[in-house]
Amino acid sequence: MKIQVIKQRTLWWTVSTAIIVVGFLSMLISWQQFGSPLRPSLDFVGGTRLQLELACAATDTCEGPIDPSTVRQILAEQGLEGSSIQVVGDQQQALSVRTSTLATDEREALIQSLSDELGAFDPNLIQIDTVGPTLGRQIFTSGLLALGASFLGIMVYISLRFQTDFAAFAILALVHDVLVTMGVFSLLGLLFNVEVDSLFIVALLTIVGFSVNDTVVIYDRVRETIQANPTHHINDIVDEAVNQTLTRSINTTATTLLPLIGIFLFGGDTLKFFALALIVGFMAGVYSSVFVASSLLAFWRERTGFAYVSTLPEAEPADSSP
């Protein structure tokens, strides 16, 4: 069964627009709360994060879950009112506190105060991470520069291999994928306190590379079909090209998602949300390549008078010399 990309392009554009608008609204709310469109981790803002678990949790002898208000009161007594508190674990007997950068004696004093009020913590499960604000800004800036450089390189490559309008819509599809992924993680930050770290930038760069690969495959087939059938309408050409490459796109994405789902489910906390970012981005990437980039190209060429006439460079003639 063939899909009709062009006939239903309004549907594809509406779905993408709705997802991006919801993501933008979420990012605006996040900006008001965190000063950033996504909930940033220590990698970007700097500070100290304490991860503690009650010792009684191992023997299931705790009297009850940790009370966040009690933790907040202890932090306020030590001048750390603006700290972020998250009670975690199945029984709500573990604690994650993110606060301003603390010296060693300040960390020990805070842990002792929390222990006196909540109970003893398991010393083997205490984790302390500290990142300076200068390093956090450097990581953020380097990540943005890497992302910008990748977009520029992709635009130059596609412009040279295809044409400027191909490159413009390919970049638009990549922006779509990045915005969808950021929107999803902005919502997760608001609803479930999910933070983004330097691995999230790595995930965005990986998503960009994967997505443009699908787009290039479809565009390559569009170019071949135009050269083989220059009198066909661009809408028919795009539909044919998408359907010819659809199986390949689905198979490639599915085989990539399977190990990522495994990492998300069994890879531990360090890689869990990195894998989730890739899952969201790859799904958005195949969607944008098949339904957004291709339909926008057809719409543009139809509106600019190139629905039947290809302005692509002609293929070089084969060498007929002996």
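For this structure, a couple of remarks:
- Residue in the stretch 131-155 that is nearest to I201 (Cα to Cα), counting only those that are modelled with pLDDT of 85 or more and among the β-branched types (V, I, T): T141
Every residue, every condition in (1) touching a His at 6+ places or on another chain (Cβ under 7 Å); (2) without any contact (Cβ under 8 Å) to a residue 40 or more places away in the chain; (3) outside the structural domain of I237 (by TED's automatic domain parsing); (4) within 18 Å of V194 (Cβ to Cβ), yes or no:
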position: Q4; (1), (2), (3), (4): no, no, yes, no
position: T14; (1), (2), (3), (4): no, yes, no, no
position: V22; (1), (2), (3), (4): no, no, no, yes
position: M27; (1), (2), (3), (4): no, no, no, yes
position: F34; (1), (2), (3), (4): no, no, no, yes
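- Residues located in the stretch 249-266, provided they are surrounded by fewer than 12 Cβ atoms within 10 Å (Cβ to Cβ) and within 14 Å of V217 (Cα to Cα): N251
- Among the residues making up the stretch 34-53, a single one is closer than 16 Å to I85 by Cα and touching a Phe, Trp or Tyr at 6+ places or on another chain (Cβ under 6 Å): L52.
- Checking each residue in the stretch 136-192 for being of a type outside the set (A, V, I, L, M), exposed (fewer than 14 other Cβ atoms within 10 Å of the Cβ) and closer than 27 Å to S41 by Cβ picks out R137, Q138, T141, S142, G148, F192.
- Of all residues in the stretch 48-101 being outside any helix (DSSP H, G or I) and of a type in the set (D, E, K, R), the one that is farthest from the chain's Cα centre (by Cα): E63
The values are calculated or read from the model by the stated rules, or taken from the named source; none is laboratory data. Just so we're clear, the structure is a prediction, and the values are computed from it rather than from any experiment. Note: ideal-geometry Cβ built from the backbone for every residue, glycine included; neighbour counts use all protein chains shown.
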